[in-house]
Every structure is written in C-alpha cells, then in structure tokens.
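What follows is a short report on a single structure.
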Amino acid sequence: MPDIYIASPKKRITRESKEIIKKVGVKKTRNPLASFVALPDGVEFETQEKEEKIILLLRRHWVTNIGWFLMAVLMIYVPFILKIVPLLDFLPSRFRLVLVMMWYLITLAFIFEEFLIWFFNVYLVTDERIIDVDFISLAYRRITDAQIEKIQDITYQTGGLLKSIFDYGDIYIQTAAEKQRIDFESVPSPDKVVKVLNQLIIQEQQEKIEGRVR
Amino acid sequence: MTPIEKFLDLLINIQIWSVVKLFILFALGLYLVFAYMVIREVNLMSRTIQGVFNLPIKIIAWLNLLLAVLVFIFSLVVL
C-alpha cells in the first residue's frame with residue numbers, strides 16, 4: 001500500500017529530536033545564557049547543514065565562572081582601596097584620574113573577555129554529529145567535530161564538592177574520527193548528555209538499518 | 001648652540017611628567033588596538049555561533065572601543 005503522508009526530513013528530524021529530549025527528561029529553556037539548552041531556538045552554527053538540527057547546546061557550568069567573577073569584583077574595588085591606602089598620592093590629581101579610568105577600562109576588558117570565552121566556547125550535539133568549538137585567543141579558533149556514528153565510547157566523570165553540589169562534570173567521547181577524543185568539560189547534567197548521545201547512537205543505527213542515512 | 005647641544009639641553013630639561021604622559025598615551029594606544037581586536041574577535045565568534053544574544057555582545061564590543069577613544073582623547077587634553 002502506498003504511503004498517504006510522508007513527513008519532510010526536517011519535520012521528521014524535529015519530531016525525533018523532541019522525542020529524545022522527552023525520553024531523557026530534559027527541560028527546555030529560552031534563557032540565552034543557560035549552560036544546558038535543549039533544542040535551542042534561533043541558534044545556528046557556521047558549518048551547519050540544511051537539515052541538521054541542534055539537539056543540545058552546552059557550555060561550562062556557570063559555577064566555573066566564580067573565580068574570574070570574584071577577581072572582577074576585587075578589581076572594581078581597587079581604586080577605592082587606594083583611597084584608604086594612598087599609594088598613588090605622589091602623582092598629580094589629573095594623572096591619578098586618568099590611571100583610574102585606565103584601570104576601569106582594563107577591568108571592563110577582563111570581564112568582557114572572560115564572558116566571551118565562556119559564552120562562545122560551546123559544545124554542540126546535533127542529530128548528525130558532536131562539535132567542540134574552542135576560542136583560544138583573540139583571533140584563533142578550533143572547531144572539532146565527529147559524526148555520531150563514529151562515537152566508540154563515552155565516559156563521564158563527576159566528583160569533588162562543587163561538581164557534586166551543582167551537578168556538573170566532564171564527558172570524554174572516544175571516536176573513530178580524525179581527532180580521537182572530544183572532551184566536554186564541566187558541562188551541567190553529564191548523565192543526561194550521555195543519555196542523549198546514547199539515544200542518538202541508537203537512532204543512527206536504526207537509520208542505517210532502514211537505509212535513511214543522510 | 002649646536003644641534004647636539006640643543007638636544008642635550010632638551011634631554012636635561014625634560015620634565016618627568018611629560019615622560020609619564022607619553023607612557024600613558026602609549027598604553028592607551030595599545031588598548032585602542034586591543035579594543036579593535038575584540039570587535040574582530042566578537043565578529044568571528046558571532047559568525048561561528050549565531051544566536052539571539054549576539055547583538056548585545058556586538059554593542060558592548062563597540063562601546064568598549066568608544067570608551068577607549070574617549071579616554072584617549074580625555075588624557076590627551078587633561079595631561
């Protein structure tokens with residue numbers, strides 16, 4: 001009997017992705033600053049293919065930002081400390097004013113750079129592959145990806161006080177791709193990420209059997 | 001007075017605050033270059049990952065450059 005309705009590949013992928021997310025029990029969020037985003041709306045990446053769907057967008061857990069955040073707070077208060085401890089009093093007032101302005105420029109740059117590194121260093125899980133986007137310095141980036149079907153082994157590791165309290169950890173993905181290991185570092189809910197990856201591997205095998213491989 | 005004597009005289013009478021001013025302006029000049037590089041970095045990052053939060057990030061990067069220019073001009077006038 002001929003098929004009466006055949007869903008378009010895009011619709012089918014969206015439906016299947018939603019099913020995986022539901023099965024694993026991941027909640028959707030619209031927060032653009034979240035560290036764990038399932039089926040993100042309005043997010044695309046440079047090498048994304050037409051029918052490729054982002055299933056998970058991961059960043060380092062927000063707790064990992066505490067170090068630089070405290071440093072930034074301290075930097076903001078340094079000029080006030082200098083009022084109490086007059087180390088720069090030998091300078092004419094106009095020089096002190098300019099130095100304070102320069103200090104705040106440096107503080108702003110420090111905060112902005114740290115934020116950019118956190119925000120744009122992402123790990124993506126699509127229905128076809130996993131991608132690790134790393135921005136190493138001002139104008140240098142490294143993008144590593146591996147097809148889901150090439151994943152051979154997934155290990156995740158949590159431990160320590162902070163990781164246990166805030167539920168985050170590292171995921172090590174062994175692949176048969178050119179780069180043999182892709183690491184997702186300090187991502188929230190690593191158990192759920194592993195479950196999603198396992199579901200995708202099963203789905204990929206199913207597609208292979210059914211001859212639906214893209 | 002020969003040119004060399006003039007130069008030596010200038011070196012002797014040079015004020016310490018003029019040297020400090022030059023150093024500060026040089027540092028601010030470097031910051032201007034850095035602020036421009038940050039804009040390029042943000043553009044590269046936004047091209048790699050396109051999302052809804054990219055516009056505010058670009059605005060912050062441009063504001064950083066604008067602030068750096070203002071501080072540079074302010075220092076040039078005040079110092």
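The values are calculated or read from the model by the stated rules, or taken from the named source; none is laboratory data. As the structure is a computational prediction, the values presented were derived from the model and not from experiment. When we count neighbours, we look across all protein chains shown, and the Cβ atoms used for this are built from the backbone with ideal geometry, even at glycine.
Worth a mention:
- Listing of strands (runs of 3 or more DSSP E) fully contained in region A:98-214 that carry 2 or more residues being within 14 Å of chain B (Cβ to nearest Cβ) and within 30 Å of B:Val42 (Cα to Cα): A:123-126, A:129-137, A:140-147
- Residue in region A:182-197 that is surrounded by fewer than 16 Cβ atoms within 10 Å (Cβ to Cβ) and farther than 30 Å from B:Leu66 by Cβ present: yes
- Residue match in region B:50-64 (condition: at the interface with chain A (Cβ under 7 Å from one of its Cβ atoms), touching a strand residue (DSSP E or B) at 6+ places or on another chain (Cβ under 6 Å) and within 30 Å of A:Glu46 (Cβ to Cβ)): yes
- Only listed residue being within 14 Å of another protein chain (Cβ to nearest Cβ), in a helix (DSSP H, G or I) and within 27 Å of B:Ala68 (Cβ to Cβ), chosen from A:Phe90, A:Phe95: A:Phe95
- If you go through region B:8-28 and keep only what is β-branched (Val, Ile, Thr) and surrounded by 12 or more Cβ atoms within 10 Å (Cβ to Cβ), you end up with B:Val20, B:Ile24.
- Only listed residue being in the same structural domain as A:Val133 (by TED's automatic domain parsing), touching a residue at least 40 places away in the same chain (Cβ under 8 Å), surrounded by fewer than 14 Cβ atoms within 10 Å (Cβ to Cβ) and not acidic (Asp, Glu), chosen from A:Leu56, A:Leu33: A:Leu33
- A:Phe120 fulfils the conditions (1) in contact with a strand residue (DSSP E or B) (Cβ under 6 Å, 6 or more places away or on another chain); (2) among the aromatic types (Phe, Trp, Tyr); (3) surrounded by fewer than 16 Cβ atoms within 10 Å (Cβ to Cβ) except for a single criterion, (3).
- Selected residue (only one of B:Tyr36, B:Tyr31 is facing chain A (nearest Cβ under 7 Å), surrounded by 12 or more Cβ atoms within 10 Å (Cβ to Cβ) and at pLDDT 95 or above): B:Tyr31
This table checks each residue for (1) touching a residue at least 60 places away in the same chain (Cβ under 8 Å); (2) outside the structural domain of A:Met75 (by TED's automatic domain parsing).
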{"residue": "A:Trp103", "(1), (2)": "no, no"}
{"residue": "A:Glu128", "(1), (2)": "yes, yes"}
{"residue": "A:Ile131", "(1), (2)": "yes, yes"}
{"residue": "A:Thr155", "(1), (2)": "no, yes"}
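- Failed item in (1) closer than 30 Å to A:Pro79 by Cβ; (2) surrounded by 17 or more Cβ atoms within 10 Å (Cβ to Cβ), with A:Tyr104 passing the rest: (2)
- A single member of A:Ile148, A:Ile76, A:Ile117 is under 26 Å from A:Asp41 (Cβ atoms) and touching a helix residue (DSSP H, G or I) at 6+ places or on another chain (Cβ under 8 Å), and it is A:Ile148.
- Hits in region B:39-51 - residues which are surrounded by 17 or more Cβ atoms within 10 Å (Cβ to Cβ) and of a type outside the set (Val, Ile, Thr): B:Glu41, B:Met45, B:Ser46, B:Gly51
- Failed criterion for A:Gly67 (all others in (1) without any contact (Cβ under 8 Å) to a residue 60 or more places away in the chain; (2) within 11 Å of chain B (Cβ to nearest Cβ); (3) more than 16 Å from the chain's Cα centre (by Cα); (4) closer than 25 Å to A:Tyr172 by Cβ hold): (2)
- Residue within region B:8-19 that is more than 8 Å from every other protein chain (Cβ to nearest Cβ), within 30 Å of A:Ile136 (Cβ to Cβ), free of Cβ contacts under 8 Å to residues at least 40 places away in the same chain and among the hydroxyl-bearing types (Ser, Thr, Tyr) present: no
- Residue check, B:Ser46 among the hydroxyl-bearing types (Ser, Thr, Tyr) and closer than 22 Å to A:Pro40 by Cβ: yes
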